[in-house]
Amino acid sequence: QCLLSGSWRSDTGCRIVVFTVGKDGSFSGSYLPVPAAGNSEILSSPLKGSQQDVGLVLQPIFSFTVHWQHRDTTQMSAFLGQCYVGTNGEETLHALWLLREASGSPADDWKATR
């Protein structure tokens, strides 16, 4: 059974901490990206999400959003993925993400999502 609660590290070194998952599947936590060279502005950012009932599915699908705490930008990311348990019992998360920045006008909307 895959338990989402705990501390996770991405392939790039980002750290995700998921606090206790509620009975309804909701959870909160924090996301700390890898500091860019010389960038001291990167802060731990809050995340909120939900996952499937692990009583029904052993390798649950999950989603969460991160509201980035940067001093100079307004950004949010959405993550959607699944928690897997390997044959050796190791848990891994596989996820896709979208990053959205606030845009100044509808004309700039096309470049606001990555």
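Numbers for the structure displayed
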item: Count of segment 5-51 residues which are modelled with pLDDT of 90 or more, within 16 Å of ALA95 (Cα to Cα) and either open to solvent by 70 Å² or more (accessible area, probe 1.4 Å) or not hydroxyl-bearing (Ser, Thr, Tyr) (or both); result: 11
item: Some residue of segment 53-73 being outside any strand (DSSP E or B) and modelled with pLDDT of 90 or more; result: yes
item: Filtered residue count, segment 70-87, keeping only those that are over 14 Å from the mean Cα position of the chain (by Cα) and either open to solvent by 70 Å² or more (accessible area, probe 1.4 Å) or within 16 Å of VAL17 (Cα to Cα) (or both); result: 5
item: Within segment 74-93, tally of residues that are among the hydrophobic types (A, V, I, L, M, F, W, C) and either farther than 30 Å from SER103 by Cα or modelled with pLDDT under 90 (or both); result: 3
item: Flag if THR73 is more than 19 Å from THR12 (Cβ to Cβ) and of a type in the set (Val, Ile, Thr); result: yes
item: Single residue of segment 92-114 satisfying the filter (under 17 Å from CYS14 (Cα atoms) and open to solvent by less than 60 Å² (accessible area, probe 1.4 Å)) that is nearest to the chain's Cα centre (by Cα); result: ALA95
item: Any pair with Cβ under 9 angstrom, 6 or more apart, that starts in segment 82-111 at a residue that is among the β-branched types (Val, Ile, Thr) and ends at one that is part of a loop (DSSP other than H, G, I, E, B); result: VAL85/GLN1; VAL85/CYS2; VAL85/LEU58; VAL85/GLN59; THR92/CYS2; THR92/GLY86
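The values are calculated or read from the model by the stated rules, or taken from the named source; none is laboratory data. This structure is a prediction, so every number in the text was calculated from the model and none was measured. Cβ coordinates were reconstructed from backbone atoms using ideal geometry, including for glycine residues, and neighbour counts include every protein chain displayed. Quick note on the areas: whole protein, heavy atoms, side chains included, nothing else; ligands and nucleic acids left out. Shrake-Rupley method; radii C 1.70, N 1.55, O 1.52, S 1.80 Å.
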